[in-house]
Every structure is written in C-alpha cells, then in structure tokens.
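The values are calculated or read from the model by the stated rules, or taken from the named source; none is laboratory data. All values reported here derive from a predicted model rather than from experimental measurement. All Cβ positions, glycine included, derive from the backbone under ideal geometry; neighbour counts span all protein chains shown.
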Amino acid sequence: MLRESWFVLFIIFISWLILFLISYFIFNILIFLPQYTIYFGLILTDLFQFSFIILILIIYLIILFKLIRRYLKYKLKY
Amino acid sequence: MNLFYEFMLLSIVTPFIITFIITKFLIKILPKLNLVTIDYHKIHKPKIPFLGGLGISFSIICSETILYFIFLDVKILIILIITIITSIIGIIDDFKTFTAYSKPILLIFAAIPILFFTNTYDYNLHLIFGNIQISIIYPILILIAISVTANTINTIDILNGVFSGFTLLSFIPILLFLTLTSNFYMLIIVMPIVTSLLAFFIFHRYPSKIFPGDTGTLTIGALYGTIAILTDLELLALIAIFPAILNSFLFIASSKGLKEFHQIKHRPVIMLHDGQLSASKNPNSPITLLRLLLLNGPASEKKLFNIIMLIEIFAISLSIITMLVI
C-alpha cells in the first residue's frame, strides 16, 4: 500500500512542515512588527498577519500544483 | 461523576441506535421509491439508495435536542440549527442539483447562527507557536470555514465507505484533545455526531448498501467545521482533513474553477474489465486524490479504501503531534 500512497503521504507531510514554518516565522520574526504597525490601528495588524499567511499559502499551493501536474505527466506519459 | 456517565451513555447509545434503525429502514424503503443511484465503481453497476444522510441528520437532531433540554446551552443550539439548515440544503441538492457556485454560497448562511452567539468562540487563531488575534477577520472566516469544510467533506465521498470512515477518523484528534483536557461536557456534545457516523459506516462500508448523498456529506462537513470552531481546535481539525483538502484543491485547480462532478467531461478514473480502477491518461481529466493513488497501476476499490484510510491515519497522527506541540 505504501507503493501507491508514498507520493500523497509526502505531499501531506510537506504541507504540515510548511504550516510549522509559517507559524514559526510569524511568532519569531514578525513578532517585532506589531510595534510598528500599532500606529495604524488594529485593522492593519489583523489584515497584515492574515494576508501574510494567505500570501505564503497561495505561493505554496501554486508551486505544489505545478509539481503534481509535472509528476502526473511523467508517470502517465502524456 | 455518575451523572456524567449517564449523559455520556445517552450521547453514545441513543444516536447509534436511531441511525442504525433508520438506515436499515431507508435501505428497504428507498429502492421502492426509486431513490437510487448507480454505483459506478462496480462491474454490474448496481443501483444503491442514496438518501442515507437522512438517518444521520435525524439522529443528530434527536440526540442534540435531548441534550439541549438537559443542559440548555447555546453550543448545542448552534449544532442543532446548523444540522437542520445543512440537511435541508443537502436534501434539496440531492433532488435538484445546485450549481457549483450556489452550493457554497447557500452554505455560508448555515454558519450565520454561530455569529449571533459571540460568547461561544474566541477571536484567536491557535497556531503552533502561539495565537494570532484576528478579531475583525475571524467572523468572516467562520462563514467561509463552514462552507469550505462542508464542500471538502462532500468531495471526499469518492468510494464505498470512504466518507464515513474518513470523517470518523478525522474526529479522533478532537475527541483525544477533549479527553486529555477533561472537557467532558464538549465530549458529550460531540459524541452523537461520531456514533451516528459509526452506525452509518456499518452500512456504508464496502460493498455499500446505502450512500449518504449530499444530505449526509454536507451536514457532517458543516458540523465538523462547527465543532472545530466551538472547541477552538481549528488547526488540529484542518490537519486531520489534509487528504480531503488536497483532493478538493487539486480538483478545483485542475478543472479551472468550481465544477460539479457531473459537469466533468473526462473522468479522472476509469474502470477496467476486471473491475479494477485505473488512472485516466487523458490530459484533460481533472487531477484527484484517487488518480494520484492509481499512478503506479490499477487497484481494486477495496484496496483503494484501505490506502485512503492509511493516508488519513497518517494525517491524524500529524494532527496529534501538533496537539502535543501546542
């Protein structure tokens, strides 16, 4: 069963690692940013943190989709 | 403590028995009403009744109503309202299929009851190394999250037993967290959903005697999202349904937008003469989880069910690791 599922398991594991990295990045690097953004009020910090997560996710999903499509082309030979 | 055991027994046994009896009744009555659909992944293409979700919805409504009159808690009321709304949407969708865009929009309305009871959730998004307070975006996220989870669980209903088996497993991290944190009250509220799914799985497993239909998949999906929000376990719940999210994402991205499955001209998976399933070599076929699993060669439906369960066990293991880190 591992022969069929290793690729999907790998994608899930990588996605989980990315989630860890985003979280680490937010709480260890962006932690200093609110003191600058506080001048613009709560909305900016809210939107900033959230849009940052969304941005990374979108970039990751685009790369992931392109890689999967390429792998599919290679395996099915079309 | 004795009272707790009584309530726990009530929330485990009642929904299980109700779902079991109703589903058994539906299996007999639905074919007579011609409410059947073709099981495309079998050689002889048998006709299987498809409104099995009615049993799940009815048993959850009954059990949660009893619990509501015992505890008089808004969290139970939210679960009740969402179950009723999504069940109605699901029943209508089963008879008169909604367009791919109208279904998610309608499901957003199902999440509105949560917004009325602001004391039932906090505005923090619990990430791995801390919390982000997103007080302005969080209510909007709730609306989207319920619709997304409902549709995601809806798309994982791909083979016999996968929907019920997959969602049963994805509840494990939530149940484990509630047990470890001694949140027995929430456990009593969540158990009716899990046990009715367990009773349904008996009939839905390979070879299926009944299908849940959109009534079942949308209701359970919306309830999964609701429970994740009410227990503040959004991240754990998200990780636990990673395979379903991947399937949903690949399908939407490869078919270039939201599309109903019957709108797809080229099927992602084809059936061979010996009954085994094989990945389509057509470049225009959408990419799905099933197609990825069949890249190394054809496989039987039962084997594919086992592989998907293995993947889900891996996903819930990651969810449990995350829970331990948090």
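Need a quick list: helices (runs of 4 or more DSSP H) entirely within chain A having at least 3 residues that are within 10 Å of chain B (Cβ to nearest Cβ) and at pLDDT 90 or above.
A:2-28, A:42-76
Could you tell me how many of the residues in the range B:162-193 are more than 15 Å from residue B:241 (Cβ to Cβ) and of a type in the set (A, V, I, L, M)?
Number of matching residues: 9.
Which condition breaks for residue B:78 when tested against (1) in contact with a helix residue (DSSP H, G or I) (Cβ under 6 Å, 6 or more places away or on another chain); (2) at positive phi; (3) aliphatic (A, V, I, L, M)?
In the conditions (1) in contact with a helix residue (DSSP H, G or I) (Cβ under 6 Å, 6 or more places away or on another chain); (2) at positive phi; (3) aliphatic (A, V, I, L, M), residue B:78 misses (2) alone.
Which of the numbered conditions does residue B:57 fail, given that it passes all the others? Conditions: (1) part of a helix (DSSP H, G or I); (2) more than 25 Å from residue B:12 (Cβ to Cβ).
Of everything listed in (1) part of a helix (DSSP H, G or I); (2) more than 25 Å from residue B:12 (Cβ to Cβ), residue B:57 misses just condition (2).
Could you figure out which of (1) in contact with a helix residue (DSSP H, G or I) (Cβ under 6 Å, 6 or more places away or on another chain); (2) surrounded by fewer than 21 Cβ atoms within 10 Å (Cβ to Cβ) isn't true of residue B:203?
That leaves (2) as the condition not met.
Quick one: which residue in B:15, B:49, B:104 is more than 21 Å from residue B:200 (Cα to Cα) and in contact with a helix residue (DSSP H, G or I) (Cβ under 6 Å, 6 or more places away or on another chain)?
B:104
Only one of (1) among the aliphatic types (A, V, I, L, M); (2) under 30 Å from residue B:99 (Cβ atoms); (3) surrounded by 21 or more Cβ atoms within 10 Å (Cβ to Cβ) fails for residue B:137. Which number is that?
For residue B:137, the failing item is (3).
Residues in the range B:278-326 that are assigned to a helix (DSSP H, G or I), over 24 Å from residue B:174 (Cα atoms) and of a type in the set (D, E, K, R): how many?
So the answer is 4.
Residues being touching a Lys or Arg at 6+ places or on another chain (Cβ under 8 Å) and more than 10 Å from chain A (Cβ to nearest Cβ): count how many of those fall in the range B:287-304.
Going through the range B:287-304 one residue at a time, the tally reaches 1.
Quick one: what pairs do we get from the range B:240-262, first residue farther than 25 Å from residue A:5 by Cα and more than 12 Å from chain A (Cβ to nearest Cβ), second among the small types (Gly, Ala, Ser) and surrounded by fewer than 21 Cβ atoms within 10 Å (Cβ to Cβ), C-beta under 9 Å, 6+ apart or different chains?
The qualifying pairs are B:257/B:100; B:258/B:100; B:259/B:100; B:260/B:100.
Kindly indicate the residue of the range B:235-260 that is surrounded by 19 or more Cβ atoms within 10 Å (Cβ to Cβ) and in a loop (DSSP other than H, G, I, E, B) and also nearest to the chain's Cα centre (by Cα) among those meeting that condition.
Out of the qualifying residues, it is B:241.
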